[in-house]
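The block underneath contains the structure these notes are about, expressed in structure tokens.
The values are calculated or read from the model by the stated rules, or taken from the named source; none is laboratory data. Computed from a predicted model, the values in this text were never measured in an experiment. Here Cβ is always computed from backbone atoms with ideal geometry, including for glycine, and neighbour counts include all displayed protein chains. Keep in mind that these areas ignore ligands, DNA and RNA; they rest on the heavy atoms of the full protein, side chains included. Shrake-Rupley method; radii C 1.70, N 1.55, O 1.52, S 1.80 Å.
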Amino acid sequence: MDNTNVLEVGAGSARSTRIAALDVVRGVAILGTLWTNIWLFTHTHGLAGYLLDPVTADTPGWAATTQDLLSALSQGKFLALLSMMFGMGLAIQQSAAARRGRRWPGLYLWRAALLFLDGAVNYLLIAEFDVLMGYAVTAALVSWMLLTSDRVQRWLVAGFAAAHVLLVAGVSALALAYQDQLATGSWTGPNPYADGSFVELVRFRVDQFVTFRAEPVCILLGTIAMFLLGARLFRAGVLGPEGGALRRRLLVLGALALPVDLTLGTVGGVGGLLLERYVVAPLVALGLLALLAELCLRRGTDGWLSRRLQEVGRTALSCYLLQNLLGGALFYGWGLGLAAGLGAWRLPATLLGYAVIVLAVCVFAHLWLRRFPVGPVEWLWKRAGDLGGATPRLARREP
């Protein structure tokens, strides 16, 4: 059975070390996005309040400093890592289509449209910081670009990356110029995150659609570059034994970028945060990719932790939606509503909440894959993408 899905490609029973490593890295990227997003869930006013001030007013000074550091460690790195993993998945799917004599992108464009629909549902019902809608558009564009020559793709990566950096630099300069005005922002009106029902929060997302969907639009050029770069790195063997020299260069690049990244994220203000998240963090992510690949090759992928990460990576789409749903259920008003009462305890509660959700997601992935070969959302996505043929049932694994 072909287990190809949107965030995971080629997970058969005899997967190569390279694909196993890809699953490990993808699992890290999925759980890492939660590390970034957990602060949105535990903010009293959700994403809308976080955009005004990430640190709530009743947070003690030491806790605020710790939060800034923890947020800076995750900010942008795992988004970039996930983008590269998606690009690698596209490269594998294109190669599989070529081996089978299928036209590319062909059916994949329909699957990209379905991914956009998945993202729209995620945005409306679960989390307004959804990445799937932007990924769907990017994947559709990049699928065509993968048909170009190697030389053209190098120029595309460089061109899109340069345009992205110029755009972010301009926005950061504006943010720096108006930093005082931005810092005086405050929440006004009803709080749908703490006080609203599930339906009221959905309605709020509809009303704020332009604001909340601005990020995927603004970083489209950079996301295209990361997709293409991920595809090129995979083909260059970054996950395999032949990629040792490449991984060493990426590790050096990531190590040099990390102190700059943390400085911008902790003391750089709004403009620094933008530069960190969208310009420097992807460089750190390249080093993280190389580090994880090297660990997989040196220590293997059969250890307990590696197997758990692979399980999350193989059910990445399901786990991504599940962790966002659990975050809302724990901290939003339609669920347990814990965020509204955290006060000075926000930091430890956030860390505890992250650990609880990660545990739940890992247990889900482990138990599900003991019975079925792919995640539930992955199965629905692939079956819908294969319209025109009979839809098989989700067969259990043989004992």
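PRO216 fulfils the conditions (1) surrounded by fewer than 20 Cβ atoms within 10 Å (Cβ to Cβ); (2) at pLDDT below 95; (3) in a helix (DSSP H, G or I) except for a single criterion, (1). Restricting LEU40, LEU69 to residues that are hydrophobic (A, V, I, L, M, F, W, C), assigned to a helix (DSSP H, G or I) and either modelled with pLDDT under 90 or crowded, with 19+ Cβ neighbours inside 10 Å (or both) narrows the list to LEU40. Among the candidates LEU336, LEU369, the residue that is hydrophobic (A, V, I, L, M, F, W, C) and open to solvent by 30 Å² or more (accessible area, probe 1.4 Å) is uniquely LEU336.
Tally up the residues in segment 188-213 that are assigned to a helix (DSSP H, G or I) and either surrounded by fewer than 18 Cβ atoms within 10 Å (Cβ to Cβ) or not basic (Lys, Arg) (or both), please.
So the first thing to find is which residues in segment 188-213 are assigned to a helix (DSSP H, G or I), and the list is 198-207, 209-212.
Next, from what is left, pick out any that are either surrounded by fewer than 18 Cβ atoms within 10 Å (Cβ to Cβ) or not basic (Lys, Arg) (or both): 198-204, 206-207, 209-212.
So the answer is 13.
A quick yes/no check of all residues on (1) aromatic (Phe, Trp, Tyr); (2) farther than 21 Å from ARG26 by Cβ; (3) modelled with pLDDT of 95 or more:
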residue	(1), (2), (3)
LEU233	no, no, yes
LEU239	no, no, no
GLY243	no, no, no
ARG249	no, yes, yes
GLY254	no, no, yes
PRO259	no, yes, yes
LEU264	no, yes, no
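Here the condition is being open to solvent by 40 Å² or more (accessible area, probe 1.4 Å), out of contact with any strand residue (DSSP E or B) (no Cβ under 7 Å at 6 or more places or on another chain) and at pLDDT 95 or above; of VAL137, VAL142, it holds for VAL137 alone.
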